[in-house]
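Remarks on the structure that follows.
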Amino acid sequence: MDWDNLSDSFSGLGNQAGRFFKGVFGSANERAVKTLNPLIKATNDLESWAEGLSHEECLAKTEEMRKAIQAGETTLDDCLPEAFALVREASKRVLGMRHYDVQLVGGIVMHRGSIAEMMTGEGKTLVATLPLYLNALTGKPCFLITVNDYLARRDCAWMAPIFEYLGLTVGAIQSNMSPWDRQPIYACDIVYGTNNEFGFDYLRDNMKTRVEEQVQKELYFAIVDEVDSILIDEARTPLIISGPAEESSDKYKLADQIACSLVKDEHFEVKEKERSAHLLEAGIIEAEKLVGVDSFYTPGNEEWPHFIENALRAHNLYTKDKEYVVEDRDKGPEVIIVDEFTGRKMEGRRWSDGLHQAVEVSEGLTPRQENQTLATITYQNYFRMFEKLSGMTGTAITEAGEFHKIYSLDVVSIPTNLPIARDDANDLVYRTEREKWNAISDEIGRMNERGQPVLVGTTSVEKSEHLSGLLKERGIEHAVLNAKIGHWEREANIVALAGDRSSVTVATNMAGRGTDIKLGGNFEYRLEKALKEKGLEIGNEEQLEEIAKIREEVRAQCEADERDVLELGGLYVLGTERHESRRIDNQLRGRAGRQGNVGVSRFFLSLEDDLMRIFYRDWVSKMMERLGMTEGQEIESGMVTRAIAKAQKKVEDRNFEIRKSLLEYDEVMDQQRKEIYGTRQDVLEAVETKDKVLMMIERAVMRAIAANLEDPEGLNGWMGRTFAIQLEKDVAVAATEPKGSPDGVLKAIEELYEQRESAVTEELMRRMEQYVLLNAIDSRWKDHLKAIDALKAGIGLRGYGQVDPKMEYKKEGFELFSKLYEAIEDEVASLVLRIRAKGEEDGDAEAPQARVSAGAEAAARAASQQTQQPQLPPAQVTPIGKRMAARFQAEFERTGELPLPKPPSAEEQKKRQSALRSLQLQQQAELRAKQQAEAEERQRKAQEEAAMKEKLDGIGRNDPCPCGSGKKYKKCHGQGKP
Ligand code: ADP
Ligand code: MG
């Protein structure tokens, strides 16, 4: 059809969803589509120009536009008509399909970052080629996201000839691919893949230790196919990469025994104020003996000091019924933390970094083995990171509000290419489910006899199997398609045959999405079968003629069958129950009547269906009485249909609330994840590592000074443990005076830093910093995720009374995060100046690198890697420092190379100049937010207490607690009170 008739085909919206839509936003949508008219015309006017281009000229045109766009001489919008005309021309030449005008409309809508709602069978796969090509001209990666691996593979292979003809590269990611296979595919201009794989690759990238191994360089443009499935149905569960926590329970037990036999102040020291315990040199030697190893600082043993120190803390700093209680819960006795300020039990929370397990063992319990989260993100937050996001689907308008609120995506309903000729029949309503199923079987039997193909939609696997049983009893041949099949490709093949004469296909609603049902049978499938029967093989030169003959026969047969099926009324879609969501019902209906075909859709309902039972129990029974329905009798009741639509609306709203709530919870994590990943990426790309390290050291020092006010000895002790230096007495005194100055301390550390840097060369210093930073961030982030998991689990239990769990979660989440930063800073401070290169004497001996001549650079690097085998720092070091050094060394021994990322290009270095500044700003903002949250929390608590007091007046011990927990007062808020 041509553009002039386009507006007429708005009658194409005459299906149920469309009618609803037209009533509400119809005219606005129509106007929005009409404004694209000039662009369509401009593209059409270029058709003869494109037809005149040779292949070489097409390639040259791509190159020319690409250059101009990347140089900023023109914009994507300006190039749109030419680009679309080129894609259409290429498609005509290599696939024999010419984009319809409505397909151009869909392409523009997606290029502009909206959702194109286009019915099933309208050719969305082809539509996507337009915006993909155009946006790929920027040189930035463009992703097409599909619901399963099979579709990613199929659509990519199907559309690749167009892109390749125009000189672009394209590839598909599959879930079973190794990281090495993924890289070249991500390097393509256009990448197909599933939402799962894209999301996981993002998380995996942020766990990698080298920039070169990362695959997703930039989140620029993504088109999400079946966008409602992905952004709405699947958005209720976040993506999680998890792994077993590394510790084994034997280690905890042995560490516990060792801790009991070590002697305080001889083997270890305890610092009450810092709530820490450290092994002394003698203690390390003793403990090594007890564990039965030569040294803790050889690979595989480096975790021991940490275990033992946790056990020491458990025995010397944590006391039962003070810091924690042991109480019976579902799975036996548990260690439950007691909040030190409020005395409140913190159900479900756990101390991090193995301390909780150490306390468990000290109480004679089995330490809990956990699977811990290593990385997590919700789909919402992943997709919101794209610079431009768009989507396409047959059914989006019912969720337009959610798309707009959560993703800032508008939905534009695109008219169909040909007017819809499907008959959406009125619902038939039965009294009982049994009667309904009987009527359905009868109807299927009737259609089957006539030869009209039937596609039956069911809401669950059990129901599809129930119906399958009924059909078997009647001897009706049919295919069943449900989640149990679990094989996308086979599933797609079955769906592809659902339009055959006399075929009956029973499917759960979502099955086979993305595969189009052709009437009268699938040509490719039949051809393959026919060739096999005759023992012929495609590609066999000698059989060419015979194959061609059969191909024509099969084609003629398919066309005849298609005419037959059309005469019989096309595909009959039979719904057996309304789904919770109207959108899913519309999807099912949309299977019939593609590309202007005739077709029928009808729903069979009963007053016993879930939606009716749950929402209209009383109404239903009255209705049955009043109608005086008899066995097997049906009604065509508009009232029931409307009632169901209302119930569906309620369920949709509730589900939206659930998704919104998940998102609100994830907001805390999202902020933190972005910040940590951002810092981490800077470190990986070696942006300002020196500044970062110096800032971290400074902050660690300032905290130590604050912790040791008027205690210069204490400060010097910390300096010794952290940097292995002692401050001059007057410097230490000056720093720890109430209004003292830290300048002397900072100067001493800066000098130490400069000494180290000139001793090992700047290059090696940078790489050591990178290594230390990366390790500190990763290990601490992992701990943090564990703590957040525990927080989440605990918060749920606290959601009684007037406590707002979300508020609580946010507040505590902030606190954990600032602790995370402190932990990273402390770890970096204590390590970065202490890792030694081999051949280095302790002190300020000349470093081996200093002797390397500047000229032979490559040789020098190789040589320096040989000679710089890192060694343990000599003097007293914090155990964690030793562990880190040991790991460093183990890596070196294993790979023969320092485990450090390569230095980045100057350009990359420039890229994130402002990182440090924004980090500081962010921290300030968070601090303010935290303070505000605390103030609000205080106010709320006061109100709550006042309210509670009022309620408590005159309450008896056996009365129900006024907090609404359902428990007796004496067992709840009245516990321990008279
Ligand atoms: P959708 O994803 O919208 O349901 P598909 O992309 O699977 O639809 O395409 C449905 C069918 O329409 C395919 O068989 C395809 O070959 C055909 N088709 C799409 N666009 C055109 C076109 N412009 N000309 C001819 N056939 C087309
Ligand atoms: Mg599709």
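The values are calculated or read from the model by the stated rules, or taken from the named source; none is laboratory data. Everything numeric in this text was worked out from a predicted model, so none of it was measured. Cβ sites come from the backbone with ideal geometry, for glycine too, and all protein chains shown count toward neighbours.
Are there helices (runs of 4 or more DSSP H) fully within the range 58-173 with at least 2 residues that are within 12 Å of ligand 1 (Cβ to nearest atom) and touching a Pro at 6+ places or on another chain (Cβ under 7 Å)? List them. Outline the logic, then answer.
Numbers: elements: 76-95, 101-111, 124-127, 129-136, 149-165.
Where helices (runs of 4 or more DSSP H) fall fully within the range 58-173 and carry at least 2 residues being within 12 Å of ligand 1 (Cβ to nearest atom) and touching a Pro at 6+ places or on another chain (Cβ under 7 Å), they are 101-111.
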Next on the checklist: I'd like to check something: does the range 735-743 contain any residue that is more than 43 Å from the chain's Cα centre (by Cα) and hydroxyl-bearing (Ser, Thr, Tyr)?
Outcome noted: yes
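Looking only at residues that are assigned to a loop (DSSP other than H, G, I, E, B) and touching a residue at least 24 places away in the same chain (Cβ under 8 Å) in the range 703-731, which one is surrounded by the most Cβ atoms within 10 Å (Cβ to Cβ)?
Within the range 703-731, the subset assigned to a loop (DSSP other than H, G, I, E, B) is 708-711, 724-728.
Okay, now just the ones that are also touching a residue at least 24 places away in the same chain (Cβ under 8 Å), so 708-711, 724-725.
Numbers: 708: 20, 709: 14, 710: 11, 711: 15, 724: 18, 725: 14.
Restricting to residues being assigned to a loop (DSSP other than H, G, I, E, B) and touching a residue at least 24 places away in the same chain (Cβ under 8 Å), the top hit is 708.
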Checklist entry - Can we say residue 197 is within 30 Å of residue 46 (Cα to Cα) and among the acidic types (Asp, Glu)? => result no
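Give me the residue from the range 565-594 that is within 15 Å of ligand 1 (Cβ to nearest atom) and closer than 14 Å to residue 229 by Cα and, out of that set, surrounded by the fewest Cβ atoms within 10 Å (Cβ to Cβ).
Taking the range 565-594 as the starting set, the residues that turn out to be within 15 Å of ligand 1 (Cβ to nearest atom) are 571, 573, 586-594.
Keeping just the survivors that are closer than 14 Å to residue 229 by Cα gives 586-588.
Details: 586: 25, 587: 23, 588: 25.
Out of the qualifying residues, it is 587.
Would the range 794-815 turn up any residue that is among the polar types (S, T, N, Q), exposed (fewer than 15 other Cβ atoms within 10 Å of the Cβ) and modelled with pLDDT of 80 or more?
Taking the range 794-815 as the starting set, the residues that turn out to be among the polar types (S, T, N, Q) are 802.
Next, from what is left, pick out any that are exposed (fewer than 15 other Cβ atoms within 10 Å of the Cβ): 802.
Filter once more, so that each one left must be modelled with pLDDT of 80 or more: none.
For the range 794-815, residues among the polar types (S, T, N, Q), exposed (fewer than 15 other Cβ atoms within 10 Å of the Cβ) and modelled with pLDDT of 80 or more: absent.
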Checklist outcome for this item: Scanning the range 36-49 residue by residue, those within 16 Å of ligand 1 (Cβ to nearest atom) and either among the basic types (Lys, Arg) or under 21 Å from residue 125 (Cβ atoms) (or both) turn out to be 40, 43
Next on the checklist: Looking at residue 388 and the list (1) under 20 Å from residue 240 (Cα atoms); (2) of a type in the set (Lys, Arg); (3) touching a Gly at 6+ places or on another chain (Cβ under 6 Å), which single condition is not satisfied?
Outcome noted: (1)
Next on the checklist: If I ask for residues that are more than 26 Å from the chain's Cα centre (by Cα) and within 13 Å of ligand 2 (Cβ to nearest atom), which ones from the range 101-136 would you list?
Outcome noted: 103, 106, 118, 119, 120, 121, 122, 123, 126, 127
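Can you pull out every residue in the range 578-595 that is of a type in the set (D, E, K, R) and not in a loop (DSSP other than H, G, I, E, B)?
So the first thing to find is which residues in the range 578-595 are of a type in the set (D, E, K, R), and the list is 578, 580, 582-583, 585, 589, 591, 594.
The answer is 582, 583, 585, 589, 594.
What's the total number of residues in the range 473-490 that are at pLDDT below 85 and not polar (S, T, N, Q)? Working first, answer last.
Applying the first criterion (at pLDDT below 85) to the range 473-490 yields 481-490.
Checking the rest, the ones that are also not polar (S, T, N, Q) come to 481, 483-490.
Matching residues across the range 473-490 total 9.
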Item to check | Number of the exception - residue 244 against (1) surrounded by 16 or more Cβ atoms within 10 Å (Cβ to Cβ); (2) modelled with pLDDT under 90 | outcome: (1)
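Condition check ((1) in a strand (DSSP E or B); (2) within 16 Å of ligand 2 (Cβ to nearest atom); (3) touching a strand residue (DSSP E or B) at 6+ places or on another chain (Cβ under 6 Å); (4) modelled with pLDDT of 85 or more) across all residues:
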site: 443; (1), (2), (3), (4): no, no, no, yes
site: 446; (1), (2), (3), (4): no, no, no, yes
site: 462; (1), (2), (3), (4): no, no, no, no
site: 466; (1), (2), (3), (4): no, no, no, yes
site: 469; (1), (2), (3), (4): no, no, no, yes
site: 492; (1), (2), (3), (4): no, yes, no, no
site: 526; (1), (2), (3), (4): no, no, no, no
Checklist entry - Does the range 612-621 contain at least one residue that is surrounded by 18 or more Cβ atoms within 10 Å (Cβ to Cβ) and under 26 Å from residue 529 (Cβ atoms)? => result no
Checklist outcome for this item: Per the list (1) more than 16 Å from ligand 2 (Cβ to nearest atom); (2) charged (D, E, K, R); (3) in a loop (DSSP other than H, G, I, E, B), residue check on residue 182 breaks on (3)
Checklist entry - assigned to a loop (DSSP other than H, G, I, E, B) and away from ligand 1 (no atom under 16 Å from the Cβ): does that describe residue 437? => result no
Checklist entry - Any chance the range 255-263 includes a residue that's in a strand (DSSP E or B) and either more than 30 Å from residue 389 (Cα to Cα) or touching a residue at least 24 places away in the same chain (Cβ under 8 Å) (or both)? => result no
Checklist outcome for this item: Log entry, pairs with first residue in the range 408-430 being under 19 Å from residue 603 (Cα atoms), second being aromatic (Phe, Trp, Tyr) and at pLDDT 90 or above, beta carbons closer than 7 Å, six or more apart or on different chains, reads 427/603; 428/604
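Name the single residue, out of those in the range 206-215 being closer than 26 Å to residue 354 by Cβ and more than 13 Å from the chain's Cα centre (by Cα), that is farthest from ligand 1 (Cβ to nearest atom). Even if it seems obvious, please write down each step before you answer.
Applying the first criterion (closer than 26 Å to residue 354 by Cβ) to the range 206-215 yields 206-209.
When the remaining residues are screened for being more than 13 Å from the chain's Cα centre (by Cα), the result is 207-209.
Values: 207: 35, 208: 35, 209: 40 Å.
By that ranking, first place goes to 209.
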Checklist entry - Which of the residues spanning the range 370-397 are more than 16 Å from ligand 1 (Cβ to nearest atom), over 23 Å from residue 134 (Cα atoms) and part of a loop (DSSP other than H, G, I, E, B)? => result 370, 378
Item to check | Cβ-Cβ under 6 Å pairs, at least 6 apart or on other chains, the range 216-244 side away from ligand 1 (no atom under 16 Å from the Cβ), far side assigned to a loop (DSSP other than H, G, I, E, B) | outcome: 218/140; 219/385; 219/386; 220/140; 220/141; 220/387; 222/386; 238/378
Next on the checklist: Only one of 700, 734 is without any contact (Cβ under 8 Å) to a residue 40 or more places away in the chain, aliphatic (A, V, I, L, M) and part of a helix (DSSP H, G or I). Can you tell me which?
Outcome noted: 734
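Condition test on residue 51, is it acidic (Asp, Glu), more than 16 Å from ligand 2 (Cβ to nearest atom) and surrounded by fewer than 18 Cβ atoms within 10 Å (Cβ to Cβ)? Break it down stepwise before answering.
On the way: acidic (Asp, Glu): yes; more than 16 Å from ligand 2 (Cβ to nearest atom): yes; surrounded by fewer than 18 Cβ atoms within 10 Å (Cβ to Cβ): yes.
For residue 51, the condition - acidic (Asp, Glu), more than 16 Å from ligand 2 (Cβ to nearest atom) and surrounded by fewer than 18 Cβ atoms within 10 Å (Cβ to Cβ) - is met.
Each row is one residue, and each column tells you yes or no for (1) within 18 Å of residue 162 (Cβ to Cβ); (2) of a type outside the set (Ser, Thr, Tyr); (3) without any contact (Cβ under 8 Å) to a residue 24 or more places away in the chain; (4) surrounded by 13 or more Cβ atoms within 10 Å (Cβ to Cβ).
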| position | (1), (2), (3), (4) |
| --- | --- |
| 43 | yes, no, no, yes |
| 80 | yes, yes, no, yes |
| 88 | yes, yes, no, yes |
| 92 | yes, yes, yes, yes |
| 96 | yes, yes, yes, no |
Checklist entry - When you go through (1) away from ligand 2 (no atom under 16 Å from the Cβ); (2) in a helix (DSSP H, G or I); (3) within 18 Å of residue 513 (Cβ to Cβ) one by one for residue 228, which number turns out not to apply? => result (1)
